[in-house]
Amino acid sequence: MNDVLISTEGLSKHYQLSSGFFGSKERVVRAVDGITLDIHERETFALVGESGCGKTTLGRVMLRLIERTEGSVRYRGQDLHALSDTAMRAMRKKLQIIFQDPFASLNPRMRVKDILAEPLRAHSFGTAAEIEERCKELLDMVGLRQHLLNRYPHQFSGGQRQRIGIARALANSPEFVVCDEAVSALDVSIQAQVLNLLRDLQERLKLTYLFITHDLSVVRQFADRVGVMFLGRMVEVGTTEEIFANPRHPYTMFLISAVPRADPHQRNRERPILVGDIPSPMNLPSGCRFHTRCPFAQAICRTEEPVLSDRGGRAVACHFPLDQ
Ligand code: SF4
């Protein structure tokens, strides 16, 4: 495996909420709760889990788009929270994000050339002519024609708009890109084209991706490793092959079993179905956070929270991981 590019240690983001008369009751939402994670250079690490599990918040806290409550983020060994504002601003060139909804994330009043020039100007890229040249190069990179620079976002299809969003993220030659549900809003055929583009750009530009998604069929084709989150905690981490072939955490097993299968024999087999709602993040269950939905729960699961640890070569947070 390549060197670690970005890592977190005990990273948390808690939100303090007030309710009752005069805000008398304080409640805490543990959106991200003590995540320790290494992402290696040039890998695609997928972060999966049901909506509300904290995956988007984790991606944003790693980029310091949202401030952490506790813990640290290191980029090439440098503590991001120890950087001055100026140093962090310079660091932002290396850390970028592609959003889910390309239409909402592009300013409808700006032409493509201004959308792409904005991050370049913010980091003093060069003269006006150099910026224009770079904008053309960026459009080439994402497979759009240069004459489209003068158009507005509404003049493009959803797939083309996402290509513009990708071009904007790549403007300042980042190394680490968070793809936050980057293909979820696209039709399946367009999704495949955008995934191919992302894979091609990763090869050419030596990018590292944190790929946040709820769609496990996309993860299977695209990611090298997978981290499964449940209610702010990481419950399993492994290679994509391992996770799909042999999930060890019961929650991972349920997620994998819900992925549609092409093989009709497999399709007809009985599959375990996850029942019950996700518990409220304001009122977390005691012990293992999954115990209210887990068919394998035993007494200890209600009182002791399992920690993510090596269980026969796989990182799993479960008192009774499933057999290998
Ligand atoms: Fe299920 Fe217990 Fe494992 Fe939690 S610790 S996932 S309740 S078996």
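Short-range pairs are left out: with C-alpha atoms under 8 Å and at least six residues apart, the relative contact order of the stretch 29-175 is 24 percent. Backbone geometry of the stretch 120-129 corresponds, through the Karplus equation with coefficients 6.51, -1.76 and 1.60 at θ = phi - 60°, to 3J(HN,Hα) couplings of 5, 5, 4, 10, 6, 4, x, 6, 4, 5 Hz, x marking Gly and Pro. What is the percent carbon and sulfur in the accessible area of the chain, measuring with a 1.4 Å probe over the protein chains and ignoring ligands? Here it works out to 48 percent. Sequence-ordered 3J(HN,Hα) estimates for the stretch 101-110 from the Karplus curve with 6.51, -1.76 and 1.60 and θ = phi - 60° stand at 9, x, 6, 6, 8, 10, 5, x, 8, 9 Hz, glycine and proline given as x. Mean sequence separation of contacting Cα pairs (under 8 Å, at least six apart), scaled by the length of the stretch 200-324, corresponds to a relative contact order of 24 percent. For the chain, relative contact order (Cα pairs under 8 Å, six or more residues apart, normalised by length) works out to 19 percent. Within the assembled protein chains, the solvent-accessible surface assigned to TYR152 is about 70 Å², based on a 1.4 Å probe. In this view, the solvent-accessible surface of THR239, computed with a 1.4 Å probe and all protein chains in place, comes to about 50 Å². Among SER12, SER51, the sequence by solvent-accessible area, most first, with a 1.4 Å probe is SER51, SER12. With protein chains left intact and a 1.4 Å probe, residues in the stretch 1-149 average 53 Å² of accessible area per residue. The largest accessible area among PHE230, PHE320 belongs to the first residue in PHE320, PHE230, and the rest follow in falling order (1.4 Å probe, all chains).
How much mean residue ellipticity at 222 nm does the chain get from its helices, if each DSSP H run of length 4 or more adds -39500 (n - 2.57) and you divide by all residues, to the nearest 500 deg cm²/dmol? Walk me through the numbers on the way to the answer.
Values: 12 runs with 106 residues, N = 324.
Here the helix-only value at 222 nm equals -9000 deg cm²/dmol.
Shown here for the stretch 53-157: GluC sites (Glu not before Pro) in loop regions (DSSP other than H, G, I, E, B) with at most 11 other Cβ atoms within 10 Å, namely GLU67. In this structure, the amide hydrogen of ARG27, modeled 1.01 Å from its nitrogen in the peptide plane, lies closer than 5 angstrom to those of LEU17, SER18, SER19, counting only residues at least 5 positions away or on a different chain.
Projecting label points 7 angstrom from Cα along Cα→Cβ for ARG89 and GLU67 puts them 1.8 nm apart. The slack between VAL307 and GLU9, meaning 0.36 nm per residue of separation minus the straight C-alpha distance, is 105.9 nm.
Rolling a 1.4 Å probe over the protein chains gives THR292 an accessible area of about 90 Å². Looking at the chain, the DSSP beta bridges with both ends there are about 65 percent antiparallel. The calculated FRET efficiency for the pair GLU130 and MET1, based on their C-beta separation and a Förster distance of 30 Å, comes to about 0.20.
A cut-off of 5 Å between modelled amide H atoms, ignoring neighbours fewer than 5 places along the same chain, links LEU5 with ILE39, HIS40, GLU41. Across the stretch 78-88, coupling constants 3J(HN,Hα) worked out from phi with the 6.51/-1.76/1.60 Karplus curve, θ = phi - 60°, read 8, 6, 4, 7, 8, 7, 5, 4, 5, 5, 5 Hz, and Gly and Pro carry x. Largest accessible area first, the listed residues ASP38, ASP85 line up as ASP85, ASP38 when surface is computed with a 1.4 Å probe on the assembled protein chains.
Between ARG204 and ARG109, what FRET efficiency follows from the Cβ-Cβ distance if R0 is 45 Å, with the result rounded to 0.05? Walk me through the intermediate numbers first.
Numbers: r = 32 Å, r/R0 = 0.71.
That pair, ARG204 with ARG109, gives E of 0.90.
The values are calculated or read from the model by the stated rules, or taken from the named source; none is laboratory data. What you see is a predicted model, and the numbers here were worked out from it, not measured in a lab. Every residue, glycine as well, gets a Cβ built from its backbone with ideal geometry; the counts of neighbours run over all protein chains shown. SASA here: full protein model, heavy atoms, side chains in, ligands and nucleic acids out. Shrake-Rupley method; radii C 1.70, N 1.55, O 1.52, S 1.80 Å.
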